[in-house]
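A.B. asks: Submitted below is the structure of interest, expressed as structure tokens.
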Amino acid sequence: KRTILAMTQTHPEVVALMKQARDASLPGNLRSHAAAELRRVSDEVRHTIARSAPVVVASCIGAHQLLKDGMSLRDKFPLVVLDEASQTTEPALICALAAAKAEQVVMVGDTKQLPPTVASGMTELRTTLGMSPMARLETGGVNERTLRTQYRMHPFLLEFPSAYFYKGVVKSSEELQSSELRELPAGFPWHERKDGSYLPLAFVHIGGDLEMTHDFSGKSNPKEAELVVTIVMDLLG
């Protein structure tokens with residue numbers, strides 16, 4: 001309800017004009033006039049909201065679209081905070097920086113996770129745009145700040161990704177460390193640890209490349225699907 005469009009539609013003058021434009025009991029010329037006024041007033045309200053907003057939340061492309069639609073933002077937003085920066089392409093970030101006329105950017109993301117999705121048949125283009133601005137800065141030697149405490153998963157589940165991707169620096173919160181692991185569901189051969197406990201994490205290797213490419217585009221892996229069904233049925237018991 002905090003989008004520019006939603007805020008515009010709740011403006012008293014816009015609400016009144018919208019009611020008139022939809023009132024079938026009014027003569028056609030009055031409804032047409034109300035509809036025209038509705039468009040004009042709505043544009044004015046949207047521009048006013050955009051110009052006065054101290055913070056604008058938008059996608060990178062959406063931020064530039066505001067300018068393309070003639071929406072005049074404040075003269076300058078000094079700072080852009082880019083979320084999911086490891087999945088953003090450099091041209092997309094440039095759109096946001098140009099729209100904000102920003103002098104600084106803060107990138108929040110994780111380059112150990114998914115890179116940008118580039119749907120192109122050109123290998124060179126996928127390689128170039130496939131590196132996010134965050135990853136490029138890291139490669140260039142710009143220091144990053146790693147958040148070292150996680151609050152989402154049980155410490156057992158954290159052990160592997162922390163050691164493999166984050167050099168062991170990511171730890172669980174005190175609350176998670178003191179929590180007890182719920183009993184693991186029966187029906188699956190969980191890995192037994194040296195202390196006799198069972199690790200609630202398993203990697204199931206199904207063999208080589210078993211993917212099938214279809215004429216109608218897309219791929220599938222019937223063997224993997226069959227194994228997943230078997231595992232689920234065993235867990236449901």
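The values are calculated or read from the model by the stated rules, or taken from the named source; none is laboratory data. Keep in mind that what you see is a predicted model, and the values were worked out from it rather than measured. Here the Cβ positions follow ideal geometry from the backbone for every residue, glycine too, while neighbour counts run over all protein chains shown. Ligands, DNA and RNA are stripped out before the accessible areas are found, and what is left, the full protein with its side chains, is counted by its heavy atoms. Shrake-Rupley method; radii C 1.70, N 1.55, O 1.52, S 1.80 Å.
A.B. asks: Please work out the FRET efficiency for the pair V228 and N143, using the Cβ-Cβ distance as r and a Förster radius of 41 Å; give the result to the nearest 0.05.
C.D. replies: My answer for the efficiency is 0.50.
A.B. asks: Still on this structure, please answer the following. Mind checking which of F77, G218, T123 is farthest towards the positive end of the chain's charge dipole, using Cβ charges of +1 (Lys, Arg) and -1 (Asp, Glu) about the Cα centre?
C.D. replies: Of the candidates, F77 comes out farthest on the positive side.
A.B. asks: List the pairs from K167/K194; K112/K219; K194/K219 whose alpha-carbon separation is above 30 Å, in the order I gave them.
C.D. replies: Violating the 30 Å Cα-Cα cut-off are K194/K219.
A.B. asks: Put a dot 7 Å past each Cα toward the Cβ at Y151 and V170; how far apart are the dots in nm?
C.D. replies: Roughly 1.6 nm, to one decimal.
A.B. asks: Mean projection of the alpha-carbon convex hull of region 80-120 over all orientations, in nm²?
C.D. replies: Taking the Cα atoms of region 80-120, their convex hull projects to 3.0 nm² on average.
A.B. asks: Just to make sure I understand: if all protein chains stay in place, what is the order of S59, S132 by accessible area at 1.4 Å, largest first?
C.D. replies: S59, S132
A.B. asks: For region 110-237, count all C-alpha to C-alpha pairs, find those more than 22 Å apart, and express that count as a whole percent of the total.
C.D. replies: 62
A.B. asks: Let me ask you something else. Loop only per DSSP, at most 12 neighbouring Cβ atoms within 10 Å: give me the GluC sites (Glu not before Pro) in region 178-211, ordered by residue number. Walk me through the numbers before you get to the answer.
C.D. replies: Numbers: sites: E180, E183, E192, E211; in loops: E180, E183, E211.
Hits after loop and neighbour filter: E180, E183, E211.
A.B. asks: Report D for the chain in µm² per second (integer): Stokes-Einstein, Kirkwood Rh on Cα pairs, 37 °C, 0.692 mPa s.
C.D. replies: 138
A.B. asks: Same structure again: Roughly how many Å is it from the Cα centre of region 120-178 to that of region 1-59, as a whole number?
C.D. replies: 44
A.B. asks: Additional query: Where in region 30-52 is the amide nitrogen less than 19 Å from a point lying 7 Å along the Cα-to-Cβ axis of Q20?
C.D. replies: Zone members listed by number: 30-46.
A.B. asks: Between H33 and E180, what is the label-to-label distance in nm when each label sits 7 Å out along the Cα-to-Cβ direction?
C.D. replies: Distance between the two pseudo-spin positions: 7.6 nm.
A.B. asks: Any idea of K112's accessible area? Nearest 10 Å², probe 1.4 Å.
C.D. replies: 100
A.B. asks: Then there's this: List the relative contact order of region 11-148 as a percent without decimals, with contacts defined as Cα pairs under 8 Å and 6+ residues apart.
C.D. replies: Relative contact order here is 18 percent.
A.B. asks: Mind pulling the angle between the C-alpha long axis of helix 90-100 and the longest principal axis of the chain? Nearest 10 degrees, somewhere in 0 to 90.
C.D. replies: With both axes taken from Cα atoms, the answer is about 40 degrees.
A.B. asks: Counting only chymotrypsin sites (Phe, Trp or Tyr not before Pro) that sit in a DSSP loop (anything but H, G, I, E, B) with at most 11 other Cβ atoms within 10 Å, what is the longest stretch of the chain containing none of them?
C.D. replies: 1-150
A.B. asks: Hey, another quick one. Could you give the angle, 0 to 90 degrees to the nearest 10, between helix 155-165's Cα long axis and the longest principal axis of the Cα atoms of the chain?
C.D. replies: Tilt relative to the chain: about 80 degrees.
A.B. asks: With no solvent and one point on each alpha carbon, what is the Debye value of log10 I(q)/I(0) for region 1-116 at q = 0.20 Å⁻¹?
C.D. replies: Results for region 1-116 at q = 0.20 Å⁻¹ read -1.02.
A.B. asks: Counting pairs of Cα atoms in region 164-237, how many percent are more than 13 Å apart?
C.D. replies: 79
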